[in-house]
Amino acid sequence: MSIPKVLTIAGSAAQGSAGIQADLKTFQEFNVYGMSAVTAIVANNKQTERGIFTQPMDAIEAQIYASFEHVGVDALKTGMLFTEDIIKKVAGLIKASEVTNVVVDPVMIGKMGSQLLKDEAIETLTQELVPLAKVVTPNLHEAARMLQCEVPETPEDMKVVARDLYHLGAEYVLVKGGSLKGYPAVDMLYDGSSITELETERVETIHTSGAGCTYSAAITAELANGYSVEEAVRRAKSFVTSAIRHALSFDRGIGSTYHAAHRVIND
Ligand code: PXL
C-alpha cells in the first residue's frame with residue numbers, strides 16, 4: 001500500500017482544535033499519511049501566565065529531516081512559525097527540498113488571542129517564505145498585515161488585496177473572508193490572471209478555533225492527492241464549512257471545529 005505523504009510544520013495546540021492537532025486530524029480524514037514538525041507548543045496556562053514554548057532550532061530541523069529522509073514528502077504546509085529564525089530555517093529547508101506542493105498559512109493570531117507570530121517576523125515571512133508557496137492562505141487581518149494596508153471590508157476590497165499579495169511571489173493567493181461582516185463566507189482565489197470566488201453560507205457560531213488550520217491542511221492533503229489548486233481549495237472549503245457548521249462546544253468559551261463532521265454527520 002502507498003498513500004500520499006504530507007508534512008505540517010506548525011505549532012502544537014494543546015487544546016486540540018488548531019495547529020498540528022487540527023492538521024493531523026484533517027490529514028487522516030483525507031486519507032494521506034500525516035507527519036509533523038512542531039515549532040512551538042501553545043498551551044495557555046493562567047496560573048503560570050506562560051503559554052508559548054518555542055522548540056529549539058535543532059529539534060525543529062531534526063523533525064523536518066526525519067520526515068524528508070525516512071518517509072518522503074509529497075506536500076507540506078506551514079502554520080505557526082513564531083520567530084524570524086524559525087521562518088528562515090524552514091524556508092531554507094523547503095528551498096533545498098524538491099517539494100512543490102507548499103501551502104503557507106501565515107498564522108499570526110490564534111482565535112483565543114495568542115500572538116503566534118512576532119511582529120518583527122512578518123517581513124521575513126513575506127520575503128522569504130511566501131515566494132516558495134504554491135498557495136498562501138491569509139485571512140483578512142493577515143492579508144492587511146502582510147501588505148500594511150487597511151483590513152478589507154467588502155468582497156471588492158478582498159479582490160484588490162488578493163492581486164496585491166500576488167506580487168509577493170506565491171503561485172496562488174487565497175484570501176479568506178470568514179470574518180467579513182455582513183456577507184456570506186466568501187474567499188478569493190487569484191492565480192495571477194483571474195479571480196475565482198468561492199462562496200458558502202455564513203455559519204453563525206463562535207466555535208471556530210482551528211478553522212484556518214483545518215482549511216490549509218485540507219488544501220495540502222488534496223494537492224498531495226493530485227487535485228489542481230482550484231479543485232483542492234473547493235474541496236477543502238466544503239470540508240471546513242462542514243467542520244464549522246457542526247463545531248464542538250465544550251461549554252467554556254470558544255470551542256473547536258469538528259474535523260470529522262463531513263464523515264460522521266449527514267447534512
Ligand atoms: O488557529 C491558529 C493557531 C495555529 N497554530 C496554533 C494555535 C492556533 C490557535 O490557537 O494554537 C499552534
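Numbers for the structure displayed
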quantity	calculated
Listed residue (Gly226, Gly51, Pro131) projecting farthest to the positive dipole end of the chain, Cβ model	Gly51
Total formal charge among the other residues, if their Cβ is under 15 angstrom from that of Ser249, Lys/Arg +1 and Asp/Glu -1	+1
DSSP beta bridge pairing in the chain, given as percent antiparallel to the nearest 5	45 percent
For a label point 7 Å along the Cα-to-beta-carbon line of His141, residues of the stretch 8-32 with backbone N under 16 Å	18-19
Separation in nanometres of the label points that stand 7 Å from Cα toward Cβ, at Glu201 and Ser249	1.8 nm
Among Ala236, Ser179, Met35 the positive-end extreme of the charge dipole of the chain (Cβ point charges)	Met35
Listed peptides 165-171, 85-91, 68-74 by packing density, highest first (mean Cβ within 10 Å)	85-91, 165-171, 68-74
Mean separation of Cα contacts under 8 Å, 6 or more apart, over the residue count of the stretch 5-264: relative contact order %	18 percent
Spin-label pair Asp119/Ser228, simplified geometry with 7 Å Cα→Cβ offset, distance in nm	4.3 nm
Ranked list, fewest to most other Cβ atoms within 10 Å of each Cβ, for Tyr172, Tyr183	Tyr183, Tyr172
Packing-based order for 142-149, 9-16, using average beta carbon neighbours within 10 Å, highest first	9-16, 142-149
Out-of-range pairs (alpha-carbon distance over 21 Å; input Lys89/Lys176; Lys159/Lys181; Lys88/Lys118; Lys134/Lys176; Lys181/Lys237; Lys111/Lys237)	Lys89/Lys176
Student exercise, the chain dipole from Lys, Arg, Asp, Glu Cβ charges, in Debye to nearest 20	640 debye
In order through the stretch 139-144: 3J(HN,Hα) via Karplus (6.51 cos²θ - 1.76 cosθ + 1.60), integer Hz, x for Gly, Pro	7, 5, 5, 5, 4, 5
Loop-resident sites, the stretch 220-267, for trypsin sites (Lys or Arg not before Pro), counting at most 13 other Cβ within 10 Å (DSSP)	Arg252
Potential extension, Asn31-Ser179 segment - 0.36 nm per residue separation minus Cα distance	50.3 nm
Modelled label reach - Cys149, point 7 Å along Cα→Cβ, the stretch 208-248 residues with backbone N closer than 14 Å	none
Interatomic Cα distance distribution for the stretch 202-267, bins of 10 angstrom, percent	24, 48, 23, 4
Alpha-carbon centroids, the stretch 167-196 and the stretch 1-65: separation in whole Å	26 Å
Helix-only [θ]222 nm of the chain, DSSP H runs n ≥ 4, -39500 (n - 2.57) each, per residue, nearest 500	-10500 deg cm²/dmol
Trypsin sites (Lys or Arg not before Pro) within the stretch 1-63, DSSP loop, no more than 10 other Cβ atoms inside 10 Å	Lys46
Cα-based equivalent ellipsoid, the stretch 1-55: semi-axes from gyration tensor eigenvalues, Å	27, 11, 5
Translational diffusion of the stretch 5-264, µm² s⁻¹ [Kirkwood Rh, Cα pairs; Stokes-Einstein; 37 °C; 0.692 mPa s]	183 µm²/s
In the stretch 83-134, GluC sites (Glu not before Pro) in a DSSP loop with at most 16 other beta-carbon atoms within 10 Å	Glu98
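Values quoted throughout were computed directly from the atomic coordinates according to the rules given, and no laboratory measurement underlies them. Worth saying up front: this structure is predicted, and the values here are computed from it rather than measured. Note: ideal-geometry Cβ built from the backbone for every residue, glycine included; neighbour counts use all protein chains shown.
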